[in-house]
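Below: the structure, in structure tokens.
The values are calculated or read from the model by the stated rules, or taken from the named source; none is laboratory data. All values reported here derive from a predicted model rather than from experimental measurement. Heads up, the Cβs are rebuilt from the backbone with ideal geometry, glycines too, and the neighbour counts pull from every protein chain shown.
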Amino acid sequence: MTISTAKFRILNSYPFFGTILFNLPVKEDKTIATIGVDGESLFYNPDFWNQYNKQPIIQMGLLMHEAAHLFLKHLWRGRNCNEIIMGKLPDGSLFPVKLFNLAADYSANLLIPHSYNLPENAFIDNKYINWETERIYEDLKKSIPKMTANQIKQIAEALKKSSDGDLWKKIKNNSSEKWDRVIKQAFETAIQRGKLPDNLKRLYDESQPKEDWRNILQEFVQPFQDDYSFNPADRRFIGADFCLPDLQSGEKLDWVGIAIDTSGSINQKQISAFIGEIKGILSAYDKVKAKITFCDVKATPFIDLEEIEDLSKIEIKGGGGTSFVEPFNLVKKEDTEPLIFLYFTDLQGAFPSKSPEYPVLWIINNSNGLKSPFGKILNYKI
């Protein structure tokens, strides 16, 4: 079966994966061993693909596997996870196990519908259902050094039939923005056709904002009137010698400080939920001017944030201890203070010795009873 035919069949049965795949140009490439994506195109070795011509469900499974990597943002999430563990094979030689690539394969394979197959020895372990890729990564980091030579051999043989993770090195920083739009379209198409699998529906629901941010932030909202943006002409003046357009008015949030705790105590699921809430803030108003920082003990410089698409351009960093001091020091360097400062965290860290004069809202998703020395706390469930 050709890749084009496989894509059409997937689009009909699983429009979520099909929509992603139809946004991937296909390129034949005999320099790679199997199949893979680089954020721009789908590359495949025809010899690898054709060996499954009599097993079309495996061919479709392979394509959905690549679509799952794009959906789960593995190409971008893995840039800072480059650790390799050398496993000993039965003949005494060493095999380099790329931890994140292996974790990403386990994660992607669990999204593929059961009616489709993958090549023999594909990485599937029900233990990892609902695990974030980074959690799988940490688990493999502990378990692989304890594996026998025969177990390492099985991994090595399976990797030869797996997707080509080396293509991820070619990824462009801004390519994530395109896939945010494509994935949104994929969800909408699948929901509209009533063909969104339950596991994907759960992930979709988790990515949606849970809070009514218009209500929460209403005291900080300012009305605005934009002299350069017009609604259709006012009908009361149609037929007169002149016609006045209605000025477009709305609400704006200007400016808002946002900090996301990316310390070691925050998992990927929490960070994804934080990002979902920020999307809710950006979409709740006609105009939003925000500055965002990611922090553990240190804080990244503020990044301007006005559109949802801006989030896809940001590389999330962290993983260390927790201090809430630096984000507030960043504010001191600004010309004006924010209308409000939103801090997404688990509230486990060191606080500034002095409370700021502007409002602070701590957004947490636990009920561990921790309190902050200043500001208000919003507790919500993921």
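Structure data summary
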{"quantity": "Tally, over region 139-151, of residues that are part of a helix (DSSP H, G or I) and either hydrophobic (A, V, I, L, M, F, W, C) or in the same structural domain as A273 (by TED's automatic domain parsing) (or both)", "calculated": "3"}
{"quantity": "Only listed residue being crowded, with 16+ Cβ neighbours inside 10 Å, free of Cβ contacts under 8 Å to residues at least 60 places away in the same chain, part of a loop (DSSP other than H, G, I, E, B) and out of contact with any Leu (no Cβ under 6 Å at 6 or more places or on another chain), chosen from P338, P356", "calculated": "P356"}
{"quantity": "Filtered residues of region 256-313 (kept if among the aromatic types (F, W, Y), out of contact with any helix residue (DSSP H, G or I) (no Cβ under 8 Å at 6 or more places or on another chain) and at pLDDT 85 or above)", "calculated": "F294"}
{"quantity": "Among residues of region 255-279, those that are in contact with a Lys or Arg (Cβ under 8 Å, 6 or more places away or on another chain) and farther than 17 Å from R135 by Cβ, counted", "calculated": "6"}
{"quantity": "Search result, residues across region 115-138 that are surrounded by 14 or more Cβ atoms within 10 Å (Cβ to Cβ), not in a loop (DSSP other than H, G, I, E, B) and not charged (D, E, K, R)", "calculated": "Y128, T133, I136, Y137"}
{"quantity": "Pair list, Cβ < 8 Å and 6+ apart or interchain, from region 319-334 residues that are closer than 28 Å to G78 by Cα and at pLDDT 95 or above to residues that are assigned to a loop (DSSP other than H, G, I, E, B) and among the small types (G, A, S)", "calculated": "none"}
{"quantity": "Selection within region 359-375 - of a type outside the set (G, A, S), more than 20 Å from N267 (Cβ to Cβ) and assigned to a loop (DSSP other than H, G, I, E, B)", "calculated": "P359, K371, P373, F374"}
{"quantity": "When residues of region 55-112 are limited to those that are part of a loop (DSSP other than H, G, I, E, B) and aliphatic (A, V, I, L, M), the one surrounded by the fewest Cβ atoms within 10 Å (Cβ to Cβ)", "calculated": "L89"}
